[in-house]
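Structure record follows, encoded as structure tokens.
The values are calculated or read from the model by the stated rules, or taken from the named source; none is laboratory data. Note that the structure is a prediction, hence the values are computed from the model and not measured. Cβ atoms come from the backbone with ideal geometry, glycine included; neighbour counts cover every protein chain shown.
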Amino acid sequence: MIESAALIFPSLGPLYQALMPWAAALLRVWGSTASLPRRAGVAVLADLRAAQKRRRLRIPDEGAALDLVQGTVIASIRSVIEGSATAKRGPEIAALLLRGFGMPAREADALAHAAYPPPVG
């Protein structure tokens with residue numbers, strides 16, 4: 001989760017309005033095919049496993065953890081698109097997920113609100 005956090009919870013900043021149509025399209029595609037969630041899940045699970053191996057998170061059930069991450073993120077994206085939340089929702093969701101996986105609250109909040117490294121590639 002630590003590595004894919006930048007992909008899952010991007011800081012939209014000035015691109016916020018330009019990305020809204022793309023976010024809506026993502027939601028439509030996400031719900032219409034199993035391949036996108038499955039492919040995205042590979043990276044999320046790899047990050048969850050790495051964090052668990054380093055004893056940063058506790059993941060008792062990988063399937064449930066993946067459902068929690070993907071379902072929460074998709075619901076958060078929908079809230080932003082519908083206007084009931086702003087792009088600032090991402091770090092709050094990230095912090096709650098990290099806490100839910102056993103990271104201490106202070107550490108989870110600091111990590112979720114930290115600046116993301118620039119994208120690779």
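A few notes on this one:
- Selection within segment 74-89 - modelled with pLDDT of 85 or more and in contact with a Gly (Cβ under 9 Å, 6 or more places away or on another chain): Ser76
- Ile2, sole failed condition from (1) modelled with pLDDT of 70 or more; (2) surrounded by fewer than 17 Cβ atoms within 10 Å (Cβ to Cβ); (3) not hydroxyl-bearing (Ser, Thr, Tyr): (1)
- Complete set of residues in segment 74-121 that are more than 22 Å from Arg55 (Cβ to Cβ) and of a type in the set (Asp, Glu): Glu82, Glu92
- Annotation note: Cβ proximity below 7 Å between a residue of segment 70-84 that is within 12 Å of Leu27 (Cβ to Cβ) and of a type in the set (Lys, Arg) and a residue that is part of a helix (DSSP H, G or I) and modelled with pLDDT under 85 (sequence gap 6+ or interchain) occurs for Arg78/Leu27.
- Looking across segment 60-71 at every residue that is in contact with a helix residue (DSSP H, G or I) (Cβ under 8 Å, 6 or more places away or on another chain) and over 12 Å from Leu98 (Cα atoms), the one that is surrounded by the fewest Cβ atoms within 10 Å (Cβ to Cβ) is identified as Glu62.
- Matching entry among Gly102, Gly13, Gly31 (being out of contact with any helix residue (DSSP H, G or I) (no Cβ under 6 Å at 6 or more places or on another chain) and at pLDDT 75 or above): Gly102
- Residue tally, condition surrounded by 13 or more Cβ atoms within 10 Å (Cβ to Cβ) and in a helix (DSSP H, G or I), over segment 36-59: 14
- So Gly121, is it at pLDDT 95 or above and assigned to a loop (DSSP other than H, G, I, E, B): no
- Residue check, Ala18 out of contact with any Cys (no Cβ under 6 Å at 6 or more places or on another chain), in a helix (DSSP H, G or I), surrounded by 15 or more Cβ atoms within 10 Å (Cβ to Cβ) and at pLDDT below 90: no
- Within segment 74-114, the set of residues being in a loop (DSSP other than H, G, I, E, B), loosely packed, with under 15 Cβ neighbours inside 10 Å and of a type outside the set (A, V, I, L, M, F, W, C) comprises Gly83, Ser84, Thr86, Lys88, Pro104.
- If you filter segment 49-73 down to residues that are within 16 Å of Ala34 (Cα to Cα) and not aliphatic (A, V, I, L, M), you find that the one that is modelled with the highest pLDDT is Gly63.
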